[in-house]
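Worksheet: the structure to be examined is printed underneath.
FYI, it's all coordinate maths here, none of it is from the lab. Please read all numbers here as calculations on a predicted model, not as lab measurements. Neighbour counts are summed over all protein chains in view; Cβ atoms, including those assigned to glycine, are modelled from backbone coordinates with ideal geometry.
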Amino acid sequence: MPVLRGYTAADWGAVLDLCLLAFAPACESLERLLGTGLDAKSSIRGHLRSLIRPGERRRLVVAELHGSVVGFAHYRIDRDAHSGIIGLSAVHPALQGRGIGSLMFNHVLAAMRAQGLKYATADTGGHSCHAATRRAYEKVGFVAVPMVHYFMKLGAPRAVSPPGSRRERGQGARHRTRRAG
Ligand SMILES: CC(C)(COP(=O)(O)OP(=O)(O)OC[C@H]1O[C@@H](n2cnc3c(N)ncnc32)[C@H](O)[C@@H]1OP(=O)(O)O)[C@@H](O)C(=O)NCCC(=O)NCCS
């Protein structure tokens, strides 16, 4: 079984590589759905970089097996909501399905409990490529709350009628009729 420990600067290359590998199916699925202009890999790289900032990296847990980084998991804390949020996590694709994800998630949940938090949340997609992630979250005790996440590219605005324009026209016509009578 791997050893869990805190992230160190020497882990960056390994963490980035395994993260991009683990998210490749999700990135491809997202780009098929929304267009390749999205560049999902760049946004994951940017997000990962934001997690190694000094205030964040203490909540970045790394799984090491035989001297190699094989997984990582990050969590945030929302004190107002008494919640911990499992954020970005990944296990090297060659080692998925062997309990490393559950080990990291249980470790993170224990860290949240130790900090007096009452709730934990985690998000993932509803697509088939996220089936393993949903299963991994459910395995450690999460209950799925179905939601729909909307996304659009902010290009040129679409030509749309102003909201309520038909109704307004109708009211105007009625108003004119009353005045005429
Ligand atoms: C989510 C993730 C970290 C889980 O890591 P893992 O090491 O595979 O997790 P575990 O081995 O503990 O497996 C958890 C459960 O998922 C199941 N699972 C693994 N791969 C699966 C697959 N392809 N399809 C369905 N279930 C799968 C396991 O069988 C296990 O359930 P079980 O014990 O009832 O059989 C890993 O799948 C991953 O890196 N996914 C891509 C990145 C991602 O989506 N990260 C999370 C959101 S940021």
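The angle between the Cα long axis of helix 40-51 and the main principal axis of the chain comes to about 60°, on a 0 to 90 degree scale. Taking only the Cα atoms of segment 61-110, the ratio Rg/Rh comes out at 1.04, with Rh defined as the Kirkwood radius. Here's how it looks for VAL70: its modeled amide H is under 5 Å from those of ALA63, GLU64, LEU65, which are all 5 or more places away or on a different chain. Got a sec? Charge dipole of the chain, +1 on Cβ for Lys and Arg, -1 for Asp and Glu; which of ALA24, LEU38, VAL108 is way out at the positive end? Highest projection toward the positive end goes to LEU38. Scaling against 2.2 N^0.38 Å puts the C-alpha radius of gyration of segment 1-96 at 1.14. In sequence order, segment 12-27 has phi-based couplings of 3, x, 5, 5, 5, 4, 6, 5, 5, 5, 5, 8, 3, x, 5, 5 Hz under the Karplus curve 6.51 cos²θ - 1.76 cosθ + 1.60, θ = phi - 60°, and Gly or Pro positions carry x.
Under a model in which nothing but the beta-carbon of Lys, Arg (+1) and Asp, Glu (-1) is charged, the chain shows a dipole of about 1260 debye around its Cα centre. Within the straight-line cut-off of under 25 Å between alpha carbons, the lysines reachable from LYS139 are LYS118, sequence neighbours fewer than 8 places apart in one chain being disregarded. Per residue of the chain, what 222 nm ellipticity follows from adding -39500 (n - 2.57) for every DSSP H run with n ≥ 4, rounded to the nearest 500? The helix contribution divided over the chain gives -14000 deg cm²/dmol. Summary of packing: across the peptides 16-24, 147-155, the per-residue average of other C-beta atoms within 10 Å ranks them, highest first, as 16-24, 147-155. From the alpha carbon centroid of segment 135-156 to that of segment 12-82 is 16 Å.
Size of segment 27-76: Rg and Dmax of its alpha carbons, in Å, are 14.0, 39. Stokes-Einstein diffusion of segment 1-57 at 25 °C, 0.890 mPa s viscosity, Kirkwood radius from Cα pairs, rounded to a whole number: 193 µm²/s. FRET efficiency for the pair LYS153 and LYS118, taken as 1/(1 + (r/R0)^6) with r the Cβ-Cβ distance and R0 = 45 Å, rounds to 0.75. Reported value for the chain: 190 Å³ per residue, from the convex hull of its C-alpha atoms.
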